[in-house]
Amino acid sequence: MGFKCGILGLPNVGKSTLFNAITKSSIPAENFPFCTIEPNLGIVNVPDKRLESINNITKSEKVIPTTMSFVDIAGLVKGASKGEGLGNAFLSNIREMNALLHVVRCFDDENVIHVDGNVNPLKDLETINLELIFADLEVLEKRSLKLEKLIRSGNAQAKKDQGIIQSLKELMENGNLPKLDSFEEEALDFIQSLNLLSTKPMLLIANLSDNESKNKLDELMGYAKQNSINVIPAVIKVEHELANLEEEEQSEYLELLGMDEPVLNKIILSGYKLLNLETYFTSGPQESRAWTIHQNSLAPQAAGVIHTDFERGFIKAEVISYDDFIKCNGESGAKKDGKLRLEGKDYLVEDGDVIHFKFNV
């Protein structure tokens with residue numbers, strides 16, 4: 001589906017190390033600013049234990065998870081919106097992203113350079129946010145000038161759009177990232193068309209060390225709660241070490257750390273949810289497979305993810321909820337217990353549904 005989750009932050013905060021851990025890549029991650037210049041892209045399997053459970057019943061020949069893309073973007077510095085550092089290139093890369101993972105440094109290490117000389121998570125966060133806002137204010141100013149011409153010609157929609165721009169500017173000029181849920185639904189299409197950096201869904205990754213400053217993390221968590229942004233604390237260095245171990249060694253290391261699974265899994269899934277994506281499954285003798293859809297997708301749209309012919313010729317969908325599929329030990333048991341439903345074109349697919357589509361082309 002082409003969705004990209006961009007990893008951003010100041011230089012030397014752990015972006016490339018996180019990218020390497022998530023994608024099992026080996027791009028350079030050095031102790032100097034702008035080690036990453038061109039963005040790096042990796043396709044990542046989305047961890048989902050439900051697919052494994054489904055296949056334990058179906059015993060398919062192949063198991064195919066769904067995927068999403070992560071992009072490691074060059075480090076941002078103060079003044080990027082005015083061309084400092086890799087400014088313009090950095091901002092144009094962010095504009096291509098659908099969601100953002102903002103890595104914030106919460107650890108002290110004299111061997112790892114900080115571009116401002118000292119570690120201050122809230123100040124670092126503010127630096128990034130302001131650069132996104134400054135870039136967006138330029139976009140709003142240009143669009144406002146175009147709308148003025150239309151308003152003078154009596155265009156009523158242009159007048160409404162101008163009002164939305166003024167509301168956005170007021171929020172941004174006070175240093176606030178605009179929250180889309182504060183706008184009426186009819187305004188959202190116009191805001192989305194602006195492709196603003198500061199309105200992209202964002203998740204904060206607090207990069208810790210084994211002896212991290214609790215105060216630094218607490219400050220970041222307080223900010224996030226106040227601004228309704230989720231935070232995932234992670235020791236990215238350890239996550240990178242875990243990602244490079246064989247499965248048995250990884251299990252032993254996780255047990256030693258007192259963890260059930262790598263924090264990376266949570267980060268990947270959170271990125272997936274940040275994009276408002278859900279998963280449905282198909283399963284048979286040949287393959288069990290996870291498919292990505294938007295939240296609130298209708299059955300024909302979900303079918304179209306497999307092939308456009310499935311959407312065009314959609315007749316009906318045989319649907320079993322994930323819980324029923326597991327409880328009934330598969331499709332035949334679900335049929336016997338009356339848990340298999342026939343759904344039509346108006347059915348909203350639910351996360352975890354196991355579906356068999358009927359179509360005619």
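The values are calculated or read from the model by the stated rules, or taken from the named source; none is laboratory data. Small disclaimer: the values here were computed from a predicted structure and weren't measured. All Cβ positions, even for glycine, are placed from backbone atoms using ideal geometry, and neighbour counts span all protein chains on display. The accessibility values were calculated without ligands, DNA or RNA, using every heavy atom of the protein model including side chains. Shrake-Rupley method; radii C 1.70, N 1.55, O 1.52, S 1.80 Å.
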Taking a ≥ b ≥ c as the square roots of the eigenvalues of the Cα gyration tensor, with a/c under 1.5 meaning rounded and otherwise prolate when a/b exceeds b/c and oblate if not, the chain is oblate
Go ahead and run the numbers for FRET between Y253 and Q192, Cβ-Cβ distance against an R0 of 41 Å, rounding to 0.05.
0.45
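Could you list, in their original order, any pairs among K266/K316; K316/K336; K179/K273 whose Cα atoms are separated by more than 24 Å? It would help to have the intermediate numbers written out before the result.
Working: K266/K316 34 Å; K316/K336 20 Å; K179/K273 17 Å.
Cα-Cα > 24 Å for K266/K316; rest within.
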Mind ordering 50-58, 348-356, 297-305 by average Cβ neighbours within 10 Å, highest first?
297-305, 348-356, 50-58
Can you spot the aspartates and glutamates whose alpha carbon is less than 13 Å from K4's alpha carbon? Ignore those fewer than 8 places along the same chain.
D72, E96
Give the residues of segment 297-318 whose amide nitrogen is closer than 13 Å to a point set 7 Å from the Cα of E287 in the direction of its Cβ.
306-307
The chain: DSSP helices with Cα axial extent of at least 30 Å and average Kyte-Doolittle hydropathy no lower than -0.5:
121-152
Within segment 202-285, what whole-number % of the accessible surface is contributed by carbon and sulfur, with the 1.4 Å probe and all protein chains included in the calculation?
46
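Which value, in debye to the nearest 20, describes the size of the charge dipole of the chain about its Cα centre when Lys and Arg Cβ atoms bear +1, Asp and Glu Cβ atoms bear -1, and nothing else is charged?
1420
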In terms of the Cα gyration tensor, with a ≥ b ≥ c the square roots of its eigenvalues, is segment 238-331 rounded because a/c is under 1.5, prolate because a/b exceeds b/c, or oblate?
prolate
What residue among P262, Q166, A317 has its Cα farthest toward the positive end of the dipole of the chain, where the charges are +1 on Lys, Arg and -1 on Asp, Glu, each on the Cβ?
Q166
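If you take the beta carbon distance between D108 and E141 as r and set R0 to 30 Å, what does 1/(1 + (r/R0)^6) give as a FRET efficiency, to the nearest 0.05? Can you show the working numbers first?
On the way: r = 40 Å, r/R0 = 1.33.
Efficiency computed from Cβ-Cβ geometry: 0.15.
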Sparse-neighbourhood loop sites, GluC sites (Glu not before Pro) in segment 218-289 - DSSP loop, at most 11 other Cβ within 10 angstrom
E246
Can you give the local net charge around Q286? Use residues other than it whose beta-carbon is closer than 15 angstrom to its beta-carbon, Lys and Arg +1, Asp and Glu -1.
0
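According to the square roots a ≥ b ≥ c of the eigenvalues of the Cα gyration tensor, what is the shape class of segment 277-317, taking rounded for a/c under 1.5, prolate for a/b larger than b/c otherwise, and oblate for the remainder?
oblate
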From the residues A290, S182, I64, which one has its Cα farthest along the dipole of the chain in the positive direction, the dipole being from +1 and -1 charges on Cβ of Lys/Arg and Asp/Glu about the Cα centre?
S182
Please compute the per residue accessible area over the chain with all protein chains in place, 1.4 Å probe, rounded to a whole number of Å².
52
